[in-house]
Amino acid sequence: MMLKVSDVKQFLYCPRVVYFTYVMPVPRKVTRKMEYGKEEHLDIERLERRRKLRSYDLSGGERRYRTKLRSERLGVEGVLDMHIVCNSGCFPVEFKNTSRRPGLHHKYQLVSYAMLLEDQYGKPVRQGYLYLTPGKRIYGVEITPNARTFVRRTLDKIRMMIARESFPPAPRRPARCFECEYRNYCADVV
Ligand code: SF4
């Protein structure tokens with residue numbers, strides 16, 4: 001079964017979001033944050049074209065935007081916000097609209113994209129970046145063997161949850177439910 005990179009992020013944020021996507025699809029509200037996110041991506045791409053690659057500790061390279069990636073080996077596909085291709089390799093970059101430090105779900109989404117890039121280019125990817133748009137801050141993320149294993153295990157867990165149709169528990173942090181578009185379907189937490 002072909003999964004999406006965003007499923008890895010969502011599953012680590014709250015596995016029920018993935019359950020509501022594949023096992024029991026329900027209509028969901030389009031929030032203002034989602035609408036705003038789409039417009040903001042276009043602005044970031046415009047600004048990013050003027051930014052120096054030194055911000056990524058790179059002396060040169062070519063930026064590629066909104067790249068469709070697909071790995072038959074991993075059974076995953078997705079659209080990567082940006083990646084930089086240069087002599088020393090290629091580097092995935094994901095834009096995030098958050099003023100907090102990036103969460104683990106953001107990190108492993110980026111690692112998943114790194115794994116898809118490896119399949120696309122046939123070269124190892126050792127480093128990626130999360131670009132936090134509110135403060136224009138960039139966080140480097142090392143793409144380690146352990147991180148790759150964690151992504152593979154997460155994909156296995158997602159597939160198992162879908163195959164067994166098992167309703168997962170809510171996240172430990174109730175704050176995650178406040179702005180969730182699936183709130184109406186989780187009577188036990190709201
Ligand atoms: S409301 Fe909470 S438990 Fe339900 S899907 Fe959203 S984050 Fe998960």
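The values are calculated or read from the model by the stated rules, or taken from the named source; none is laboratory data. The structure displayed is predicted, hence computed values, not measured ones. Here the Cβ positions follow ideal geometry from the backbone for every residue, glycine too, while neighbour counts run over all protein chains shown.
Pick out the one residue from A187, A170, A175 that is in contact with an Asp or Glu (Cβ under 8 Å, 6 or more places away or on another chain) and within 16 Å of the ligand (Cβ to nearest atom).
Testing whether each residue is in contact with an Asp or Glu (Cβ under 8 Å, 6 or more places away or on another chain) and within 16 Å of the ligand (Cβ to nearest atom) leaves just A170.
Applying the criterion of at least 1 residues that are away from the ligand (no atom under 16 Å from the Cβ) and modelled with pLDDT of 90 or more to the helices (runs of 4 or more DSSP H) found wholly in the stretch 1-105 leaves 5-13.
Where residues in the stretch 168-181 are closer than 28 Å to L74 by Cα and surrounded by 15 or more Cβ atoms within 10 Å (Cβ to Cβ), which of them is nearest to the chain's Cα centre (by Cα)?
Only one residue fits best here, namely P171.
A count restricted to the stretch 128-165 and to residues that are at pLDDT 95 or above and in a loop (DSSP other than H, G, I, E, B) stands at 3. A single entry from I158, I143 fulfils the requirement of being closer than 16 Å to V76 by Cβ, within 16 Å of the ligand (Cβ to nearest atom) and under 17 Å from the mean Cα position of the chain (by Cα): I158. Scanning the stretch 130-153 for residues that are over 30 Å from I44 (Cα atoms) and β-branched (V, I, T) gives a single hit, T149.
Taking the conditions exactly as written (within 22 Å of E72 (Cα to Cα), of a type outside the set (K, R) and within 16 Å of the ligand (Cβ to nearest atom)), does M115 satisfy them or not? When the stated conditions are applied, M115 does not pass them.
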